[in-house]
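To start, the structure under review is shown below, and the notes come after it.
Read-outs: derived from the displayed coordinates by stated rules, not from any lab. In this text, all values refer to a predicted model and were calculated from it rather than measured experimentally. We place every Cβ from the backbone using ideal geometry, glycine too, and count neighbours over all the protein chains shown.
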Amino acid sequence: MGKIRVKTIGDESQEKKEKQKAQKRAQAKKEIEEKKVSSENTESISTTEKTELKTESKETSSKTKLKTHQKNKKSQKHSGKYLTVAKLVEKNKKYTLSEALEILPKLKLAKFDETVELHINTNDKGISGNVTLPHGTGKELKIEILNFSKDPKHVDQAVKEIESGKINFDVLIATPDSMPRIARVAKFLGPRGLMPNPKNGTVTPKPEEVAKKFQGGQINFKTEAKFPILHLSVGKLSFGDKKLSDNIKACLSAVENKNIRNITIKSTMSPGIKLDNASII
């Protein structure tokens, strides 16, 4: 069984391109600034001082490097357009869901139909589950089905592609008899959240039925490996307040209030808006 494509709303490839362009612009600015500072510093440092500086640099702890990286990341400059729309959001205010959904379209920066995202800080790591969004995600999902009893050659070929770094699917659904083969590439699939798992229904003797659920708007969620954070796509800006509200409430119900510390909502390119949990849950 091969791949199944789910119909999409919006230009997903354009969205990815815009994200990549924004990241490249930010990286380019950072590199230019670093080269400028490096050039200025080099002129005023003697040979002996350079040697000492290199020695000190090697001895810098990983913790210090992490702090420097975080500081540099925070200091990255945003575009003028971003800074203009960011003024529409009060940084320290927590908005009700209805207020946030009213503001969100005004923060739109891209020409494509941006994805609406929820970023949830949880009380602990290891929180996972799945939820069927009432109105779907509006995104195109590439679903890969591996059924060893029906097509062993396809399973072996898929495993080889994954080992070579070629992963061109969003969801992997497998039959139990396929799992011994797939276990070989767990180290590639696991970090990406793509490893089939009985808990979220992606290991099943009826993969086609599960694929239909994903087509109907089911999404899986799991906190990051090292941090208690969930990232969920809950629809498109074009959905409007009612559909987005329904999808968001379904997600938060699945995650459960007891697990939630705070919530931020944003679209692909926009600033984040902090939500008042009590107004939603």
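At-a-glance table
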{"item": "Around Val185: net Lys/Arg minus Asp/Glu count, Cβ-Cβ under 15 Å", "result": "+2"}
{"item": "Length added when fully stretched, Ala254-Lys21, from 0.36 nm per residue minus Cα-Cα", "result": "80.5 nm"}
{"item": "Cα-based shape type of the range 176-251, given that a ≥ b ≥ c are square roots of the gyration tensor eigenvalues and the cut on a/c is 1.5", "result": "oblate"}
{"item": "FRET efficiency, Lys160 to Lys212 (Cβ-Cβ, R0 35 Å, nearest 0.05)", "result": "0.80"}
{"item": "Per-bin percent of Cα-Cα distances, the range 118-210 [10 Å]", "result": "14, 46, 29, 10, 0"}
{"item": "Too-long pairs where the Cα-Cα distance tops 26 Å, listed order kept, from Lys21/Lys142; Lys106/Lys222; Lys19/Lys160; Lys150/Lys199; Lys16/Lys81", "result": "Lys106/Lys222; Lys19/Lys160"}
{"item": "The range 181-250 - charge dipole about Cα centre, Lys and Arg +1 at Cβ, Asp and Glu -1, debye rounded to 20", "result": "240 debye"}
{"item": "Protection proxy ranking of 96-106, 119-129 - average other beta-carbon atoms within 10 Å, highest first", "result": "96-106, 119-129"}
{"item": "Sequence-distant residues sharing a close amide H with Gly235 (under 5 Å, placed H)", "result": "Val116"}
